[in-house]
Amino acid sequence: MEIDTYIAEQTFQIHLEGIVQGVGFRPFVYQLAREFGFQGWVNNTKKGVQICVNADAESIQDFYETLLKNIPKNAFVTASSVELVEREVFQDFEIKQSAHEGKTNILLTPDLAICQDCRSEIHLMTDKRANYAFTTCSHCGPRYSIIQALPYDRQSTSMGTFEMCPNCKKEYQNPSNRRFFAQTNTCPDCAVEMRVFENNSAITLAQNEIIPWLVERINAGKIIAIKGIGGYLLMGDANNLKVVEKLRVRKFRPSKPFALMFPTIDELEKVAEIQEDEQALLTSSAAPIVLLKLKKGNDSFEAIAPNLKHIGVMLPYSPLFEILSQQFGKALIATSGNISHSPIVFKDQKALEDLAEIADIIVTNNREILVPQDDSVIRFTKNNRQKIIHRRARGFAPNYFYGSFNTHKINTLAMGASLKSTFAWQTEQNLYVSQYLGDLESFDTQNNFQQCLEHFEKVLEVQPQIVLIDQHQAYFSSILGLQMAQEKSIPVVIIQHHKAHFAAVLAENNLLDTTEKVLGIIWDGTGFGEDGNIWGGEFMFYHAGNFERQAHFAYFEAILGDKMPREPRISALSLSHTLPEVEQYLKPKFTEKEYELYKKILKQNQLKTSSIGRLFDGVASILSIIDKVSYEGEAAILLEEMALDYLENHDFDFKEFYSVKIIQNQVQTTDLLQGIIEDIKAKKSVGFIAVKFHFSLVKIIKNIATQSKIQHLAFSGGVFQNALLVDMIIDHCAEKFKLHFHQQLSPNDECISFGQLAYFSLINN
């Protein structure tokens, strides 16, 4: 901005919005103002950070530009302004008490992984914080998970009950200290304290004895549940097969991969391949789980990720985990503290009640978690390094950057879907997308979803003026949305699932206002369609704010409800039962009674589906990879792994595909299945057929896009978590088309709430 020339020493006010609280912004401003010799003040408000200084026009311009160019590492400024205000006289520069007046309009700072300074400090034995498990500063530590009100100050968090000792107060008040105004500051003299329970009994240990004692127990094969930043993690020796098997039995998790925590990058590099972009994420302030490829010949973690050659890994992101990992020295299992299909446990009492049957030892602490969060999960494709977010939670939620689209200033709440649930808010000026909250199929997850929503309302001091829900009104999120709308006497807007997916990827790529046509390829497992069937293999046009279903995979029978996605053999039967010579491959998968019953159901069935998710399931079953799954997406993951393994061992450009007709805008799915059956009869390898299937999907996309004469292709839906498929699309389509994938959000149903907001912004204009 440019400021007119005024007489010397006028009073200027600077306002900053975005992630500007909980990231050391006020200390940064304080230091910069002192360097410039300014008098005035800085404080937090419900709208961001406010700065008031005496300066002349030239120096305020210089100060403002310097400020914006050098903001703290974890800050993000979305809006800023400078204005001349009524003249005041200041004697010094100070950090004023936060202002609590007005409407809340601020982004929420995510939880920040331990910074390098704090990491060095806890390993320095001469430092007072040596081995102190809750060391933080203004650049790291819990933020979103402990906030209960704004502006962000200690008394507005669950740290409010902790009184700082004299030394911590000195640090807090010292402008040259990195803990200057660090709201989470504590030390061993005013500590966050742990408690240990073994076999439901409290164990008496000094604070500095707890972690060495835990390391002994882990080495002895014990499983521990330990309170992290966003909830409890179940941890144990990842190198001990008996521990892995014991945890699988106790957690009812027969084959789903466990995440691992490694003490250092060096230890991780011994077992996995790490690219530069992956290491950057692992060591970032978000510190997510990153999916990495195991090195050839390394089968030491087969029990951790059965039949997979990729593992989910992370580095210690809190001082507690840093100390524990370093003292243990090897890979630790680090999986969410819950029973399968339930949300992560984050309350101490619930941990003692629910996790006692899983963990031998439970470690609590007296810093309350107010907002639960799982660890985020991210992957990169091998060839093109396209980032794919599998789960967006700790370190990223709940903010969405680069734009909002509600021009009518209506506080809009989007309730999302059922699987991979999130909610999203469009307030007057900001847009928020909650952390991943799980699948809304259990009472605990539903309760957790509702509590997080209520907490969000409280922190932002906002009430919805309109509610958006999925077309499937039996979803818990839809039922809750309808209930809220009725109680608050506000309107409800129903938005079709795949249109929300499409709108989400359009909005992420700034295409809502494009004048060009966009072809949306929206592939997932389940979404209630406008014709009453289950959609999931959709090709849609977007132009000038309008969505139109252009083509889809041919319908096949959707039978047996939730049993179908749990048993790929049912998808195989539904997809291919009309094909000649298929019975010999299908019948052995069922008992005689099942086979006859299911064939009868197929003949009488009315509900149809175009789901690509079920197509992947069916192909995996026909290839005898898996007939029943123990976790969502297992069949598709194994099919992708078989294809990747084949490509790795056959160093050539794969170009074989199944010839598939498109009749009346319907992709003839049976052509795919018939081709696969022919290859099975010809004794082609499973890996070869798996690659050919993936490439055939790419050819179908390319053919429809070419016939449509559209340049822009946008991809959304859980199927596009498949890294091989995404790589193949880029390899074979990027030269001819402009490709658009999700940027900040997952392509799975986590993006539905955001997409509902984006879609509503179009129909509301």
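Computed from the coordinates by the stated procedures, all read-outs in this text should not be read as laboratory data. Computed from a predicted structure; not experimentally measured. Cβ placement follows ideal geometry from the backbone for every residue including glycine, while neighbour counts extend to all protein chains displayed.
For LYS128, the lysines whose Cα comes closer than 22 Å to its Cα, not counting residues fewer than 8 places off in the same chain, are LYS169, LYS170. Ranking of THR11, THR515 by neighbouring Cβ atoms within 10 Å, starting from the fewest: THR515, THR11. Note on the range 9-28 and the range 543-565: Cα centroid distance 49 Å, given to the nearest whole angstrom.
The Cα atoms of the range 552-592 give a gyration tensor whose axes a ≥ b ≥ c have a/c of 1.5 or more with a/b no greater than b/c, which makes the shape oblate.
Distances between placed amide hydrogens fall under 5 Å for ASN399 paired with VAL433, all partners being 5 or more residues away or on another chain. Helix 723-733 axis versus longest C-alpha principal axis of the chain: approximately 80°, rounded to the nearest ten.
Counting only helical runs of four or more DSSP H residues, what would the 222 nm mean residue ellipticity of the chain come to if each run contributes -39,500 (n - 2.57) and the total is spread over all its residues?
-10000 deg cm²/dmol
Output the 0 to 90 degree angle, nearest 10, between the alpha-carbon long axis of helix 612-622 and the longest principal axis computed from the alpha carbons of the chain. Relative to the chain, helix 612-622 is tipped by roughly 50 degrees.
Between ASN665 and ILE763, residue separation times 0.36 nm minus the direct Cα-Cα distance comes to 32.6 nm. Among residues other than THR264 with Cβ under 12 Å from its Cβ, the summed charge is -1 (Lys and Arg +1, Asp and Glu -1).
Tell me which trypsin sites (Lys or Arg not before Pro) from the range 671-765 have a DSSP coil assignment and no more than 12 other beta carbons within 10 Å of their own.
LYS683, LYS709, LYS736
Exceeding 18 Å between C-alpha atoms, which entries from my cross-link table qualify? They are LYS69/LYS387; LYS227/LYS350; LYS73/LYS103; LYS309/LYS382. Exceeds cut-off: LYS69/LYS387; LYS73/LYS103. Cross-link partners for LYS684 among the aspartates and glutamates, with Cα-Cα distance under 13 Å and sequence neighbours closer than 8 places in the same chain left out: GLU656.
Amide hydrogen proximity for ASN174: with H placed 1.01 Å from N in the peptide plane, the residues at 5 or more positions away or on another chain lying under 5 Å are PHE181.
Annotation: the residues ASP348, ASP92, sorted from fewest to most other C-beta atoms within 10 Å of their own C-beta, follow the order ASP92, ASP348.
Going from the fewest other Cβ atoms within 10 Å to the most, the residues ASP653, ASP531, ASP617 appear in the order ASP653, ASP531, ASP617. Helix 25-36 and the long axis of the chain differ in direction by around 50°, with both axes built from C-alpha atoms.
Between ASP374 and ARG394, the built amide H atoms are under 5 Å apart, and every one of these is 5 or more places off in sequence or on another chain. When only alpha carbons are used to place a centre, the range 130-190 and the range 623-653 end up 48 Å from one another.
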